[in-house]
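A quick write-up on the structure given underneath.
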Amino acid sequence: MKKASTARRGRHASAWKSVVLSREQQFSLKRGALLREAGRAFSLRGYHNTSLEDVAKTLDVTKAALYYYVKNKQEILFECHMMSLDFGDDAMKYCEEHGKTGLEKILLLIDKYVKTITSEMGSFAVLGEYDALEPQNKAIIGKRRDKFDRGFRKLISEGIADGTVRAIDPKLTVFFFMGSINWMTRWFTTEGPLTGEQVARQLVDLIEGALRSR
């Protein structure tokens, strides 16, 4: 029995060792982890009150090691915003592929986005530091935000047209709901009383109650 168990462990060990990541894949994974942790460090003290030395201490690495993955603090802030927008684009694509009515697509969008951002980013108040972005980075983020905003409004208009969403102003509605979601990044923490899935479920319930045609 012991011999068979040892053989199984040997096969698993062999399979584990056979998984080799390329240098680019290793760099991408480590950089992604760095950005997430750096974003959390900014969230604790605020972007302007956090130095790269603080980030390095949080990650338990040297400042020199940090510079291997990012150029400066501004790049971290920019990439955190880009990561969040990538999640938004993925959620938009998901809801378009799986939703049937306008309301259903909106609820799928919110559910997917909130679950992803809470699981991937955790406490990420740094996303509220939009005005701290340098002009060229701010323009890029602003353009992507506008694209997501237009897509969200389109879903609301679609829901109004198909009768699943009551007659409301799409622009005001998007501002209202995105404001609540963006504020969530300031108070949500993985150590808090609610999981990301629970937060997503309750937000979806609130949004459905507010939008559903009566």
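Scan region 121-128 and give yes if some residue there is crowded, with 20+ Cβ neighbours inside 10 Å and modelled with pLDDT of 80 or more, otherwise no.
No; the residues of region 121-128 include none that is crowded, with 20+ Cβ neighbours inside 10 Å and modelled with pLDDT of 80 or more.
Could you check region 183-214 and list, in sequence order, the residues that are farther than 12 Å from ILE110 by Cα and among the polar types (S, T, N, Q)?
THR185, THR189, THR190, THR195, GLN198, SER213
Please go through region 4-34 and pick out each residue that is at pLDDT below 75 and of a type in the set (A, V, I, L, M, F, W, C). Steps first, answer last, please.
If we filter region 4-34 for residues that are at pLDDT below 75, which is where we start, we get 4-21.
Hits for region 4-34 are ALA4, ALA7, ALA13, ALA15, TRP16, VAL19, VAL20, LEU21.
Report the residue count in region 88-102 for those that are part of a helix (DSSP H, G or I) and either surrounded by 19 or more Cβ atoms within 10 Å (Cβ to Cβ) or out of contact with any Gly (no Cβ under 9 Å at 6 or more places or on another chain) (or both).
Our first condition is that a residue be part of a helix (DSSP H, G or I); within region 88-102, this holds for 88-98, 102.
From the residues that got through so far, the ones that are either surrounded by 19 or more Cβ atoms within 10 Å (Cβ to Cβ) or out of contact with any Gly (no Cβ under 9 Å at 6 or more places or on another chain) (or both) too are 88, 90-95, 97-98, 102.
Selection size over region 88-102: 10.
Anything in region 187-214 that is surrounded by 14 or more Cβ atoms within 10 Å (Cβ to Cβ), in a helix (DSSP H, G or I) and modelled with pLDDT under 90? List them, or say none.
Residue satisfying the conditions is GLY196 alone.
Which one of GLU37, GLU75, GLU79 is among the acidic types (Asp, Glu) and modelled with pLDDT under 80? Walk me through it before giving the result.
Values: GLU75 fails: modelled with pLDDT under 80; GLU79 fails: modelled with pLDDT under 80.
Within the list GLU37, GLU75, GLU79, the selection yields GLU37.
Of all residues in region 128-171, count the ones that are closer than 22 Å to HIS98 by Cα and not polar (S, T, N, Q). I'd like the intermediate steps shown before the answer.
To start, the set of residues in region 128-171 that are closer than 22 Å to HIS98 by Cα comprises 147-166, 170.
Filter again for not polar (S, T, N, Q), leaving 147-156, 158-163, 165-166, 170.
Total satisfying the criteria: 19.
I need a count of the residues in region 156-172 that are in contact with a strand residue (DSSP E or B) (Cβ under 9 Å, 6 or more places away or on another chain) and either assigned to a helix (DSSP H, G or I) or among the polar types (S, T, N, Q) (or both).
5
Kindly indicate whether any position in region 73-87 is among the hydroxyl-bearing types (Ser, Thr, Tyr), under 18 Å from GLU129 (Cα atoms) and either part of a helix (DSSP H, G or I) or under 19 Å from the mean Cα position of the chain (by Cα) (or both). Reasoning before the result, please.
Here is the first cut: in region 73-87, the ones among the hydroxyl-bearing types (Ser, Thr, Tyr) are 84.
The next check asks that each one be under 18 Å from GLU129 (Cα atoms); those that pass are 84.
Then drop every residue that is not either part of a helix (DSSP H, G or I) or under 19 Å from the mean Cα position of the chain (by Cα) (or both), which leaves 84.
Yes - at least one qualifying residue is present in region 73-87.
Specify the residue that is farthest from PHE188 (Cα to Cα); the eligible residues are those in region 47-61 that are free of Cβ contacts under 8 Å to residues at least 24 places away in the same chain and part of a loop (DSSP other than H, G, I, E, B).
Within region 47-61, the first condition is being free of Cβ contacts under 8 Å to residues at least 24 places away in the same chain, and the residues that meet it are 49-58, 60-61.
With the extra rule that they be part of a loop (DSSP other than H, G, I, E, B), the set shrinks to 49-51, 60-61.
Numbers: ASN49: 20, THR50: 20, SER51: 23, ASP60: 24, VAL61: 26 Å.
Residue satisfying both the conditions and the ranking: VAL61.
Can you tell which of ILE117, ILE110 is crowded, with 19+ Cβ neighbours inside 10 Å, assigned to a helix (DSSP H, G or I) and touching a Ser or Thr at 6+ places or on another chain (Cβ under 9 Å)? Please lay out each step first, then the result.
Values: ILE110 fails: touching a Ser or Thr at 6+ places or on another chain (Cβ under 9 Å).
Going through ILE117, ILE110 in turn, just one is crowded, with 19+ Cβ neighbours inside 10 Å, assigned to a helix (DSSP H, G or I) and touching a Ser or Thr at 6+ places or on another chain (Cβ under 9 Å): ILE117.
The values are calculated or read from the model by the stated rules, or taken from the named source; none is laboratory data. Because the structure is predicted, anything quoted here is derived from the model rather than measured. Cβ coordinates were reconstructed from backbone atoms using ideal geometry, including for glycine residues, and neighbour counts include every protein chain displayed.
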